[in-house]
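Okay, structure first, notes after.
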Amino acid sequence: MEYGLIGEHLGHSYSKLIQEKLLDNYTYEIQEVSKEDLDSFMKKREFKAINVTIPYKQAVIPYLEEMDQAARKIGAVNTIVNRNGKLYGYNTDYYGFRYMVETHGISLKGKKVLVLGNGGASQAIQAVVHDLGACEMIITDLILKDNVISIEEAYKNHTDVNIIINTTPMGMYPKVHGIAVDLSKFKKCEAVFDCIYNPQDTEFTLQAKERGIKVAVTGLEMLVGQAKRALEFFKDIEIEDKQIDRIYREILFETSNVVLVDVNMDTALQVARELKKECIVLDSENYEEQAISSNKVLLSSSQDKKTLSRNGFIIQSKNADEIICEFKLKVNQFNK
């Protein structure tokens, strides 16, 4: 492997798709590495550059010759470059999350922020929250230490938070029903960010939208942003920020489901052919599992909008051309 991603479980990863869209004639590989094999993998150094994800963002640090300022401050690495046998570590999660916050026009200055989780990704996000001027940051986790509190204590003493950020895997595909927090406890919440990118709407962001919170964003933009910055380190090049939104929209288009309710089969098959997606008639036995798949045309008789829209867009049109046009429009407007 010359360039790629390592982690323990990577079946849900979009990283290859993103990286290869960023640069022509470039191959990026996905490699699952067990905890038992991590030491051997890192000592062999048989790569030019890699990204690192759960659960190794801190475990790789002892193998590095040097870390950049962001990685040292955060205490976690997600990008490693091999220069003449010496490994240099960087953290691009910081860049990706900051891009996501700023592109949605959210100011953290003077705000009270609740961060759910205290792992490697959380460390980068905490650094962004601090640097963007939050007046107070509350961190919750299952492991209580230093300034980390339980979610129950947050419910009791910190219901006045303005921004909530989920860095835990709760709600991530395929266990999409998980949620790390009950938003009804936080009456002053004005924006939520979820680092999970699959599904495209988590239980957390769906709950936020139901409560009228206008900015409720999952982590695909952060993923694309950090990938763009990582590739800049990999290849020692510069890539314009505008490429982030272009690739974000392309991936939404390619991976999102088109959900058709009470549309005939011939029309659904035509839509599937033109969009290069598989057509599935949802059945009661595997309904929820099928609904959270990706890159499908889902034909349903149900009006269960929450389940159906979790990883796709419900289209009201009946004509194939109109369906495709409406789907493209929804992709371009999603989270704007």
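Report yes if THR103 is under 18 Å from the mean Cα position of the chain (by Cα), at negative phi, touching a residue at least 12 places away in the same chain (Cβ under 8 Å) and open to solvent by less than 40 Å² (accessible area, probe 1.4 Å), otherwise no. Walk me through it before giving the result.
On the way: under 18 Å from the mean Cα position of the chain (by Cα): yes; at negative phi: yes; touching a residue at least 12 places away in the same chain (Cβ under 8 Å): yes; open to solvent by less than 40 Å² (accessible area, probe 1.4 Å): no.
So THR103 does not fit the description; no.
Checked against (1) in contact with a Ser or Thr (Cβ under 8 Å, 6 or more places away or on another chain); (2) crowded, with 17+ Cβ neighbours inside 10 Å, VAL81 passes all but condition (1). Within the stretch 27-49, the set of residues being open to solvent by less than 20 Å² (accessible area, probe 1.4 Å) and either among the hydroxyl-bearing types (Ser, Thr, Tyr) or touching a Cys at 6+ places or on another chain (Cβ under 9 Å) (or both) comprises TYR28 only.
Only one entry of GLN303, GLN316, GLN270 meets the criterion of being modelled with pLDDT under 95, more than 24 Å from HIS177 (Cα to Cα) and open to solvent by 60 Å² or more (accessible area, probe 1.4 Å), and that entry is GLN316. Taken over the stretch 113-146, residues that are in a strand (DSSP E or B) and either in contact with a Ser or Thr (Cβ under 7 Å, 6 or more places away or on another chain) or surrounded by 17 or more Cβ atoms within 10 Å (Cβ to Cβ) (or both) amount to 8. Scanning the stretch 84-97 for residues that are surrounded by fewer than 24 Cβ atoms within 10 Å (Cβ to Cβ) and among the polar types (S, T, N, Q) turns up just one, ASN84. Among the residues of the stretch 280-296, those identified as open to solvent by less than 80 Å² (accessible area, probe 1.4 Å) and among the small types (Gly, Ala, Ser) are ALA291, SER293, SER294. Highlighted here are the strands (runs of 3 or more DSSP E) found entirely within the stretch 147-224 that include at least 3 residues which are buried (at least 20 other Cβ atoms within 10 Å of the Cβ): 163-166, 191-194.
Which residue, of GLY4, GLY11, is farther than 28 Å from ASP131 by Cα, under 15 Å from the mean Cα position of the chain (by Cα) and not in a helix (DSSP H, G or I)? Being farther than 28 Å from ASP131 by Cα, under 15 Å from the mean Cα position of the chain (by Cα) and not in a helix (DSSP H, G or I) holds for just one of GLY4, GLY11, which is GLY11.
The values are calculated or read from the model by the stated rules, or taken from the named source; none is laboratory data. Computed from a predicted structure; not experimentally measured. So basically every Cβ, Gly included, is an ideal-geometry build from the backbone, and we count neighbours across all protein chains shown. Keep in mind that these areas ignore ligands, DNA and RNA; they rest on the heavy atoms of the full protein, side chains included. Shrake-Rupley method; radii C 1.70, N 1.55, O 1.52, S 1.80 Å.
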